[in-house]
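In what follows, a single structure is set out as structure tokens and then discussed.
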Amino acid sequence: MSRPFLKMNGLGNDFVVVEARSAPFAPTAEEVRAIADRTTGIGCDQLIAIEPGEGVDARVRFWNADGEEVSACGNGSRCVGWLLMQATDADEVVIETKAGRLIATRAGERLVSVDMGKPGLDWQEIPLAEAQDTRELGVVLYEHSSLMAPPGCVSMGNPHVVFFVPEIDAAPIAQAGPVVERHPLFPEHVNVGFAEILDRDRIRLRVWERGAGLTKACGTGACAALVAAARRHLTDRAATLVLDGGELFVEWRDDDHVIMTGPAAVDFAGELP
């Protein structure tokens, strides 16, 4: 029997979203790769399954395009939050992920805010293979003139390293991204952000996502970049993140929670083959 899906996106970061509350959905890594393939499959950065959860509106699982299941996805959580609020006519929903519980709230027409929880800043929370100051790593991850400033590391339920670059258009993203993603310092591999500080409240960001490559937007990457920048006093604790697919607003509140606000969109519906 075929299974329906929705194709959704958050700022161009696109997802195949499957309803799995009425029937279990347990794709193999090979099946995930087939669905995500943009030539022979549906095509997406991540596959998402919405499952039943205890004491929450839904449990959500995420797989990257390479077939690996991951703990968190910011743009995907925002899309799922919007779907659940539309279905229940609620203004707030609670989503269970492997990284913990997230709260999504309406923030306007097709705009959703997600409380992404507290960032992980200890080297063991990222995790790293050895003790490091996560504010400024003391190791060179990739030799290039634009990547000489030490990067910072943040976990937003998944691992991120953020390089601060003078000009993002000159950064070797396609070359450095896959190398840094699988650097031995990161035992679970890592999402690689390249951030150019435009002002105290504005950051230009591009993200090489582990298992997906360069995407148009990365929600957890935006959160990680804001936290990493604020820790270095490069920006304030709230800023607009300018991504290839559009803009996200991120605030690192005084209670240590990171709030991400941005759009969610439905592209089309279909059935898995």
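The values are calculated or read from the model by the stated rules, or taken from the named source; none is laboratory data. Predicted model, so just to flag it, every value in this text is computed and none were measured. Positions of Cβ are backbone-derived with ideal geometry, glycine not excepted, and every protein chain shown enters the neighbour counts. Keep in mind that these areas ignore ligands, DNA and RNA; they rest on the heavy atoms of the full protein, side chains included. Shrake-Rupley method; radii C 1.70, N 1.55, O 1.52, S 1.80 Å.
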(request) Among residues belonging to the stretch 157-181 that are assigned to a helix (DSSP H, G or I) and not small (Gly, Ala, Ser), point out the one that is nearest to Val60 (Cα to Cα). (result) Glu181
(request) Could you run through the stretch 103-141 and say how many residues are outside any strand (DSSP E or B), open to solvent by less than 50 Å² (accessible area, probe 1.4 Å) and free of Cβ contacts under 8 Å to residues at least 60 places away in the same chain? (result) 6
(message) Pairs please, first residue from the stretch 192-209 and touching a residue at least 60 places away in the same chain (Cβ under 8 Å) and at positive phi, second anywhere and among the aliphatic types (A, V, I, L, M) and not in a strand (DSSP E or B), Cβ atoms under 9 Å, 6+ apart in sequence or on different chains.
(response) none
(request) With respect to Asp91, determine if the residue is surrounded by fewer than 17 Cβ atoms within 10 Å (Cβ to Cβ), over 20 Å from the mean Cα position of the chain (by Cα) and of a type outside the set (A, V, I, L, M). (result) yes
(request) Scan the stretch 23-42 and give yes if some residue there is touching a strand residue (DSSP E or B) at 6+ places or on another chain (Cβ under 8 Å), of a type in the set (Lys, Arg), touching a residue at least 12 places away in the same chain (Cβ under 8 Å) and open to solvent by 10 Å² or more (accessible area, probe 1.4 Å), otherwise no. (result) no
(message) For the stretch 236-261, which positions are assigned to a strand (DSSP E or B) and at positive phi?
(response) Gly246
(request) Among the residues of the stretch 167-187, write down those that are loosely packed, with under 14 Cβ neighbours inside 10 Å and of a type outside the set (A, V, I, L, M). (result) Glu167, Asp169, Gln175, Arg182, Pro184, Pro187
(request) Take the stretch 1-29 and flag every residue that is more than 18 Å from Gly262 (Cβ to Cβ) and not in a strand (DSSP E or B). (result) Met1, Ser2, Ala20, Arg21, Ser22, Ala23, Pro24, Phe25, Ala26, Pro27, Thr28, Ala29
(request) Return the residue satisfying two criteria in turn: it lies in the stretch 188-226 and is basic (Lys, Arg) and in a loop (DSSP other than H, G, I, E, B), and of such residues it is surrounded by the most Cβ atoms within 10 Å (Cβ to Cβ). (result) Arg210
